[in-house]
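**Q** Attaching a single structure in structure tokens format; questions to follow.
The values are calculated or read from the model by the stated rules, or taken from the named source; none is laboratory data. Bear in mind the structure is a predicted one, so any value in this text is a computation, not a measurement. When we count neighbours, we look across all protein chains shown, and the Cβ atoms used for this are built from the backbone with ideal geometry, even at glycine. Ligands, DNA and RNA are stripped out before the accessible areas are found, and what is left, the full protein with its side chains, is counted by its heavy atoms. Shrake-Rupley method; radii C 1.70, N 1.55, O 1.52, S 1.80 Å.
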Amino acid sequence: MIGDKNTLYQKGMENFLEQIFLHEEGRLIELLTLTEAHVAIADIIVKYFEPGESYICNPILRERKPDSLLLGIYEGNTNPHIGELPLCVNNIVFINRAESLIKTRAAIVRGWGDSTLAGCKNIRRNCQYCLHRTLSPQQVKVAAHFYRGYNTEKIASDLQLNVKTVYAHKRMIMTKFNLYSDCELLHFLNGLKDQKLTQNLFSECLAGNECLF
């Protein structure tokens, strides 16, 4: 099952996986699009992750098979795997979009071997004990204003905060989600806005004139 914003890369990955499994195991693969209906039956899931996305709850991945292989595609030089990750993306194999075919192939083959071990079949995911990261209510307000394009002074004025406090909240957000630039922060917030969470406070904050919490 493959979902990637880069159509050319996605087609290349589809052909690459077909070649790997035909060569390694003599098996043909069936390609599916990334949907909730397919996630529970897919043996391999290839998904592009925006900066910071691997730390938040990914509802579409909650029902994936315990022994499925999750390949997380990312861009840039930022290592997306720092600290604990949510249960829905545990045993993920990250692959940089610019990685060589040799290293990408090795990562896929190794990941597939690990995912088929007996221990992986017994993995149980309980959202109650998940370590996904969230924005605090105050961070939601600051992030929503930043997403709207407001500068620090405007945010401080609207939220009746000290300018240094706004800077501190922004820095904490970027540290929490391993973000290194304003561009990465905006990509992360754009993805967070569209996440189908049970309660998406960031999306709700953007939808109203004020963040009422």
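**Q** List pairs: first residue in the stretch 84-102 and within 15 Å of LEU17 (Cα to Cα) and in a strand (DSSP E or B), second residue open to solvent by less than 50 Å² (accessible area, probe 1.4 Å) and aromatic (Phe, Trp, Tyr) anywhere in the structure, Cβ distance under 8 angstrom, at least six positions apart or on different chains.
**A** ILE95/TYR74
**Q** Go over the candidates LYS141, LYS164, LYS176 one by one and state the one that is touching a Cys at 6+ places or on another chain (Cβ under 9 Å) and modelled with pLDDT of 90 or more. Working first, answer last.
**A** Numbers: LYS164 fails: touching a Cys at 6+ places or on another chain (Cβ under 9 Å); LYS176 fails: touching a Cys at 6+ places or on another chain (Cβ under 9 Å).
Only one candidate qualifies: LYS141.
**Q** Another question, if that's okay. Would you call THR116 over 15 Å from the mean Cα position of the chain (by Cα), of a type outside the set (D, E, K, R) and crowded, with 17+ Cβ neighbours inside 10 Å? Break it down into steps so the answer makes sense when it comes.
**A** Details: over 15 Å from the mean Cα position of the chain (by Cα): yes; of a type outside the set (D, E, K, R): yes; crowded, with 17+ Cβ neighbours inside 10 Å: no.
No: the conditions fail for THR116.
**Q** Among the residues of the stretch 169-189, are any part of a loop (DSSP other than H, G, I, E, B), charged (D, E, K, R) and open to solvent by 40 Å² or more (accessible area, probe 1.4 Å)? Before you say what the answer is, go through the steps one by one.
**A** Start the filter on the stretch 169-189 by keeping residues that are part of a loop (DSSP other than H, G, I, E, B), which leaves 177-181.
Filter once more, so that each one left must be charged (D, E, K, R): none.
No, the stretch 169-189 contains no residue that is part of a loop (DSSP other than H, G, I, E, B), charged (D, E, K, R) and open to solvent by 40 Å² or more (accessible area, probe 1.4 Å).
**Q** Does GLN138 satisfy being open to solvent by 50 Å² or more (accessible area, probe 1.4 Å), touching a His at 6+ places or on another chain (Cβ under 7 Å), in a helix (DSSP H, G or I) and farther than 19 Å from ASN79 by Cβ?
**A** Numbers: open to solvent by 50 Å² or more (accessible area, probe 1.4 Å): yes; touching a His at 6+ places or on another chain (Cβ under 7 Å): yes; in a helix (DSSP H, G or I): yes; farther than 19 Å from ASN79 by Cβ: yes.
Answer is yes for this residue.
**Q** Within the stretch 104-132, restricting attention to residues that are among the charged types (D, E, K, R) and at pLDDT 90 or above, which residue is nearest to LEU186 (Cα to Cα)?
**A** Taking the candidates together, the pick is ARG105.
**Q** Further question on the same structure: Quick test of your reading of the structure: ARG64 fulfils all but one of (1) under 30 Å from ARG171 (Cβ atoms); (2) of a type outside the set (A, V, I, L, M, F, W, C); (3) surrounded by 18 or more Cβ atoms within 10 Å (Cβ to Cβ); (4) at pLDDT below 90. Name the failing condition by number.
**A** With respect to (1) under 30 Å from ARG171 (Cβ atoms); (2) of a type outside the set (A, V, I, L, M, F, W, C); (3) surrounded by 18 or more Cβ atoms within 10 Å (Cβ to Cβ); (4) at pLDDT below 90, ARG64 is out only on (1).
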